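Report on the following structure.
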Amino acid sequence: VTDTILALSSGAPPAAIAVIRLSGPAALRAGEALAGRLPPARQAAVRRLRDGDGALLDEALLLVFLAPASATGEDVLEIQCHGGRAVVAAIEAALARQPGVRRAAPGEFTRRALANGRLGLNEVEGLSDLLAAETESQRRAALAMHEGHFSRQIAQWYEALLQAGALAEALLDFSDEDDVPGADAEDVLRRRIAQVREGIVARLAAPRAERLRDGIRVVIAGPPNSGKSTLLNALAGREAAIVTSVAGTTRDRIDVPVALAGVPLVLSDTAGLRPEGVDEAEAIGIARARAAMADADILLWLGRVAEAPARSVRVASRCDLVPPEPGADIVLSAHRGDGMAGLRAILLERARALLPREGDYALSRRQAEALEAVLDALRDADDADPLIMAEGLRQARRALDRLTGQDGTEAMLDRLFAGFCIGK
Ligand SMILES: Nc1nc2c(ncn2[C@@H]2O[C@H](COP(=O)(O)OP(=O)(O)O)[C@@H](O)[C@H]2O)c(=O)[nH]1
Ligand SMILES: [Mg+2]
């Protein structure tokens, strides 16, 4: 028998209103024990909630969703009560005492939705990102994933591979006879495979979710005293890095997450690059700076134009103090604010090119790896022998199944749901 799970699904109290949810076969019975008669499904009604002794707990708005047409696919009761800490605790305790009811583990409501086919694995991942989204671009991409855009694409690929598989089997049946099933069957088959493969390659080349989740890495580098820390502080809008006129002040790398027009960035300040006169700590700082530069999505270079690394944004800093060199991409003074708007525009333009297009979804590492496996299988399918072809296509479809969670392993699901909050 399935347990009925219980959790506070709204944020931490105190709040004006709290939402407590129950899901499972005992949800309605447990609700009736507190509220008496429940409203008809999908109709809100106010009820007095009482504990076992008949003492009043709260007055609350109740909503019933009957299986399978609910968020989890089970009977669900939603209780909207007053959001005080003691109110929520008392109602939760009274519900938890009902037979068959226990408190939910993190992500357990969503896990049941997955188990009952209310959500696919990719939609669950989208939901997880949606709950974690802190910027507009993160929210839009997560919503696109949650709404099933990727799942629909997978379904198309699956259908194409199914057709190709049928053709391969047909070729197999006729391979030892003279009259081949339509001379162009093999052409059609190869074209189908090529189409799917091109689609997957293009999808893999598109910006990934990690960039969106973790932020675009913007590294500020250059010689000591070029104004790197000052620029970081100006972009971050706070004094995150120490600024002095002494060369070698910044020794470790400093990372500051910021959102620029809804785009997540991580700004990194680094130790100034200079060859001599450095002690051990500064030398380590310089090594870290070089590593950060190699790892940067966008590099802001505050040194000589002639020494700028490839593809970096060449910034002529401290223009109120130092005459800017010709050839710089942007001339600025963090002190006076000159050029800061222009630099933000350059950052935004470069960052957007690295992020999913508006309304597009982005692949997680898991999804990308699963698609790579599909590609591997399709590579195997690219063979003259229809037997090998058919087997490769079967493997490819199996890899697509893994992507939609059709054969998701428990360990993978555990990992995924551990990142959820209780009540979701
Ligand atoms: N006049 C002027 N001085 C600046 C500007 N930016 C930084 N400085 C000064 O240059 C010195 C070095 O700045 P800092 O940000 O620590 O450089 P870093 O070593 O590259 O991190 C400090 O004395 C800053 O006050 C600027 O835009 N104009
Ligand atoms: Mg510094």
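Side notes on the structure shown:
- Breaking point among (1) outside any loop (DSSP other than H, G, I, E, B); (2) open to solvent by less than 20 Å² (accessible area, probe 1.4 Å), for residue 17: (2)
- Filtered residues of region 340-359 (kept if over 13 Å from residue 259 (Cα atoms), part of a helix (DSSP H, G or I) and not hydrophobic (A, V, I, L, M, F, W, C)): 342, 349, 350
- Within region 314-352, considering residues that are within 16 Å of ligand 2 (Cβ to nearest atom) and open to solvent by 80 Å² or more (accessible area, probe 1.4 Å), the one farthest from residue 212 (Cα to Cα): 321
- Looking across region 235-247, the residues that are in contact (Cβ under 8 Å) with a residue 12 or more places away in the chain, open to solvent by less than 80 Å² (accessible area, probe 1.4 Å) and near ligand 1 (Cβ under 8 Å from one of its atoms) come down to 241, 243, 247.
- One residue stands out in region 1-56 among those that are among the charged types (D, E, K, R) and in contact with an Asp or Glu (Cβ under 8 Å, 6 or more places away or on another chain): the one that is nearest to residue 109 (Cα to Cα), namely 21.
- If you go through region 254-291 and keep only what is out of contact with any Gly (no Cβ under 7 Å at 6 or more places or on another chain), assigned to a loop (DSSP other than H, G, I, E, B) and under 25 Å from residue 341 (Cα atoms), you end up with 261, 262, 270.
- Taking region 202-230 as the range and being in contact with a Leu (Cβ under 7 Å, 6 or more places away or on another chain) and part of a helix (DSSP H, G or I) as the test, the residues that pass are 203, 204, 209, 211, 212, 228.
- Any hit, region 24-44, residues being in contact (Cβ under 8 Å) with a residue 12 or more places away in the chain, under 30 Å from the mean Cα position of the chain (by Cα) and assigned to a loop (DSSP other than H, G, I, E, B): yes
- Members of region 98-143 found to be open to solvent by 50 Å² or more (accessible area, probe 1.4 Å) and among the polar types (S, T, N, Q), listed by number: 116
- Here residue 148 fits the description: farther than 30 Å from residue 388 by Cα, touching a helix residue (DSSP H, G or I) at 6+ places or on another chain (Cβ under 7 Å) and open to solvent by less than 30 Å² (accessible area, probe 1.4 Å).
- Of all residues making up region 190-234, the number that are surrounded by fewer than 22 Cβ atoms within 10 Å (Cβ to Cβ), polar (S, T, N, Q) and either within 13 Å of ligand 1 (Cβ to nearest atom) or at pLDDT 95 or above (or both): 3
- Here residue 210 does not qualify as out of contact with any Pro (no Cβ under 6 Å at 6 or more places or on another chain), free of Cβ contacts under 8 Å to residues at least 12 places away in the same chain and not hydrophobic (A, V, I, L, M, F, W, C).
The values are calculated or read from the model by the stated rules, or taken from the named source; none is laboratory data. Not measured: the values here are computed from a predicted model. A quick note on method: Cβ atoms are made from the backbone with ideal geometry, for glycine too, and the neighbour counts reach across all protein chains shown. Ligands, DNA and RNA are stripped out before the accessible areas are found, and what is left, the full protein with its side chains, is counted by its heavy atoms. Shrake-Rupley method; radii C 1.70, N 1.55, O 1.52, S 1.80 Å.
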